[in-house]
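Quick notes on the structure that follows.
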Amino acid sequence: SGGNTFGHGLDAPDLMIIRAKDTASSWYTTSNDLVNTLDIASGYYVTLNSSAARATTGVSSGLFTADSFSASSSTFKIGTNSLFNSSNPMYFIALKAVPGVCHIGRITGNGNSNGIWAPFGFRPRWIHIKRITGGSGNWVTIDTARSPYNDGTVIESYLDLTNAEYGGNGFDFLAEGMKIRTTSSGYNTAGSSYLIIA
């Protein structure tokens, strides 16, 4: 009937991923950082298995509720959609930003090859970046294990594609965050927003 809650063991998490286990399902991902007003009531979400920009129908389609995050700091509430309200077991992942350890946030592209400075408060070792407004964009994964030097040829792989890894776009891993040094639409279109998990 909807409105069921799941405990997550975190105080007010910043990002949730939920997926039906035994039936066809996307990896529905929602975060307050998908919304300019930091208000999940608008129903924004993205899916890990798609390059599509954020969708706005999470509440109206019954995937989430207007108070999915704010109902409780220790639980997450699902909507009435039959995908989430069946006898199927579910995968459920909750992430919380922790200063110095994990960053979840958003940046806005500037379309300049000098790029965006994304402060995290620590040197990142692993980053996901996803374009969420102004067009589609792959879920790009970069890390310092495959690209230990800031040489403009950071190796990428993609959550939503089966492609081989690719090297060539400009990112710098810095002591307090990341500097994007490319005008690629996947990372730095002027005015587009990007979700970052580091």
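The values are calculated or read from the model by the stated rules, or taken from the named source; none is laboratory data. Predicted model only: the values in this text are computed from it and were never measured. Virtual Cβ from ideal backbone geometry, glycine too; neighbours counted across all protein chains shown. Surface accessibility is based on the protein's heavy atoms, side chains included, excluding ligands, DNA and RNA. Shrake-Rupley method; radii C 1.70, N 1.55, O 1.52, S 1.80 Å.
For this structure, a couple of remarks:
- Filter result for Thr144 (at pLDDT below 90, in contact with a Ser or Thr (Cβ under 7 Å, 6 or more places away or on another chain) and of a type in the set (Ser, Thr, Tyr)): no
- Checked against the criterion of being modelled with pLDDT under 90, farther than 16 Å from Val154 by Cβ and not acidic (Asp, Glu), the candidates Gly121, Gly79, Gly109, Gly115 yield just one match: Gly79.
- Filtered by the rule that a residue be surrounded by 15 or more Cβ atoms within 10 Å (Cβ to Cβ), among the hydrophobic types (A, V, I, L, M, F, W, C) and either in contact with a Ser or Thr (Cβ under 9 Å, 6 or more places away or on another chain) or without any contact (Cβ under 8 Å) to a residue 12 or more places away in the chain (or both), region 95-122 gives Leu95, Ile104, Ile107, Ile116.
- Test: Thr133 is open to solvent by less than 40 Å² (accessible area, probe 1.4 Å) and of a type in the set (Ser, Thr, Tyr): yes
- Leading residue by the ranking (modelled with the highest pLDDT) among those in region 1-29 that are among the β-branched types (Val, Ile, Thr) and out of contact with any Ser or Thr (no Cβ under 7 Å at 6 or more places or on another chain): Ile18
- Positions within region 37-58 being at pLDDT below 85, part of a loop (DSSP other than H, G, I, E, B) and crowded, with 20+ Cβ neighbours inside 10 Å, in sequence order: Gly43, Tyr44
- The lone exception for Phe92 - which of (1) under 24 Å from Thr23 (Cα atoms); (2) outside any loop (DSSP other than H, G, I, E, B); (3) open to solvent by less than 30 Å² (accessible area, probe 1.4 Å) it fails: (3)
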